[in-house]
1. Would you mention how many residues in region 223-275 are in contact (Cβ under 8 Å) with a residue 24 or more places away in the chain, among the charged types (D, E, K, R) and farther than 28 Å from Val362 by Cα?
2. Between a residue in region 166-182 that is among the hydroxyl-bearing types (Ser, Thr, Tyr) and any residue that is surrounded by 15 or more Cβ atoms within 10 Å (Cβ to Cβ) and modelled with pLDDT of 90 or more, which pairs come within a Cβ distance under 7 Å, given they are 6 or more apart or on different chains?
3. Is one or more of the residues making up region 55-76 modelled with pLDDT of 90 or more and either in contact with a His (Cβ under 6 Å, 6 or more places away or on another chain) or assigned to a loop (DSSP other than H, G, I, E, B) (or both)?
4. Does region 263-282 include one or more residues that are under 17 Å from the mean Cα position of the chain (by Cα), charged (D, E, K, R), surrounded by fewer than 17 Cβ atoms within 10 Å (Cβ to Cβ) and in the same structural domain as Val338 (by TED's automatic domain parsing)?
5. Suppose we keep only residues that are part of a loop (DSSP other than H, G, I, E, B) and without any contact (Cβ under 8 Å) to a residue 40 or more places away in the chain within region 108-122. Which one would you say is nearest to the chain's Cα centre (by Cα)?
6. Please go through region 337-365 and pick out each residue that is surrounded by 13 or more Cβ atoms within 10 Å (Cβ to Cβ), modelled with pLDDT under 85 and part of a loop (DSSP other than H, G, I, E, B).
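The values are calculated or read from the model by the stated rules, or taken from the named source; none is laboratory data. Since this is a predicted model, take the numbers as computed values, not measurements. Heads up, the Cβs are rebuilt from the backbone with ideal geometry, glycines too, and the neighbour counts pull from every protein chain shown.
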Amino acid sequence: MQANLDACRWLYNYSLEQLGEGRDIARCYGWSSFRGIPSLYDFQAQLPWLKQRFTFLQTVNAKVLQRVSHQLYSNLRALSKLKKNGRKIGKLRFKGKDRYKTLNFNQSGFKLNGKKLYLSKIGEVNIKYHRPVEGKIKGILVKRENSGNWFAIMQVDKPVESQEATVEKAVGIDVGVNPFLTDTDGKKMENPECYEKTAKRLKILHRKLSRKQKGSKNRRKARIRLAKCYEKLTNQRDDYLHKLSRFYVENYDFIAVEDIDISSMIHTRWYLARRILDSSWGKFRNMLTYKAESAGRTVIPVDPEDTSRENPHNIQDRHYRAAINILEKGLKKVGLDVPEFTPVERKPLLCVPALAVISGQVYSMNQERSPRL
């Protein structure tokens, strides 16, 4: 598989290099347009000739090579669109060693046989299932992480039963750095602060990597150890966000969450930038959205402006106050009546440790349910 990745990386770099050599190269390959970006057909039409000249490309599935050309074409189109919109853009870079990570088997070139995955021009590969495959597999992405682990991402065509969205229980969510979020049921979810807990280890591994001679085997081993540490950090963060988003989707029909402009907040509150990025509010909202869609729930983004300042219920805790205002704004946004409820702030708010979320104990820690609509 690594040889296939190297061949795809070479094709990407070769095609990008030819684009930079101007009109004569375009005429040589028979491209229909001499100005601007060649069409996708022009990109893919050169593949048969290249496979005859460079025989190592014949060891890669034809569909995979076509997707490499499609990737380059899409990147050029995206840059062109940004330039037309007045954005300042740079140039595409060549893919260095270990920078090309994905083999895209689209529609054909693969077959699943029990615990073995057959890939065209590669052979059978042992796999470990994340979960049973349901539906027809339309494509497979074979990806190599920096840590050296390989993953097969399967694109499945599966009929989904549409569920009618009903609203009985609603909740408003105010996200933050500490706590991670506060909801209208009076729960404060602790921020796991995955990066802060791993920062010391990362610093040591970065220092060890910088001391190794470039190109040596010891430097490669140090780089893999560092990549595995980053991979573990990402997995810990994603595990927390997945379980927390699943909790709210399973227990509430209507979820109002503040729609924060994270990029502008990072610039205005630069002293909190690292902790804001570590919190991954955007990823949490994305998880809520797609899980709610499949479960027949409703997620409404709400403008966070003045949500912590408005205080019609005379609430002292600003996070809890913001969560209530977010819920009321979300209900008004979709035309639902705002119910009357008694704030739970008269009791101490329930602080839920991050470990309770990870271990699934948060289900038994409800303080008071939101009113039914």
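1. Adding up the residues that qualify gives 2.
2. Thr166/Asp253; Thr182/Asp174; Thr182/Lys188; Thr182/His319; Thr182/Tyr320; Thr182/Ala323
3. yes
4. We begin by selecting, within region 263-282, every residue under 17 Å from the mean Cα position of the chain (by Cα); these are 263, 276-282.
Those still in the list that are charged (D, E, K, R) too: 278.
With surrounded by fewer than 17 Cβ atoms within 10 Å (Cβ to Cβ) added as a condition, the list becomes none.
Scanning region 263-282, I find no residue that is under 17 Å from the mean Cα position of the chain (by Cα), charged (D, E, K, R), surrounded by fewer than 17 Cβ atoms within 10 Å (Cβ to Cβ) and in the same structural domain as Val338 (by TED's automatic domain parsing), so the answer is no.
5. My answer is Lys115.
6. Of everything in region 337-365, those that are surrounded by 13 or more Cβ atoms within 10 Å (Cβ to Cβ), modelled with pLDDT under 85 and part of a loop (DSSP other than H, G, I, E, B) turn out to be Val338, Pro339, Phe341, Pro343, Leu349, Met365.
For every residue, the table says whether it meets (1) outside the structural domain of Phe284 (by TED's automatic domain parsing); (2) over 25 Å from the mean Cα position of the chain (by Cα).
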{"residue": "Glu124", "(1), (2)": "yes, yes"}
{"residue": "Tyr129", "(1), (2)": "yes, no"}
{"residue": "Pro132", "(1), (2)": "yes, no"}
{"residue": "Gly139", "(1), (2)": "yes, no"}
{"residue": "Phe151", "(1), (2)": "yes, no"}
{"residue": "Asn191", "(1), (2)": "no, no"}
{"residue": "Arg219", "(1), (2)": "no, yes"}
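Each row is one residue, and each column tells you yes or no for (1) in contact with a helix residue (DSSP H, G or I) (Cβ under 6 Å, 6 or more places away or on another chain); (2) among the aromatic types (Phe, Trp, Tyr); (3) without any contact (Cβ under 8 Å) to a residue 24 or more places away in the chain.
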| residue | (1), (2), (3) |
| --- | --- |
| Thr55 | no, no, yes |
| Gln58 | yes, no, yes |
| Leu65 | yes, no, no |
| Ser69 | yes, no, no |
| Ile89 | yes, no, yes |
| Thr102 | no, no, no |
| Asn106 | yes, no, no |
| Lys128 | no, no, yes |
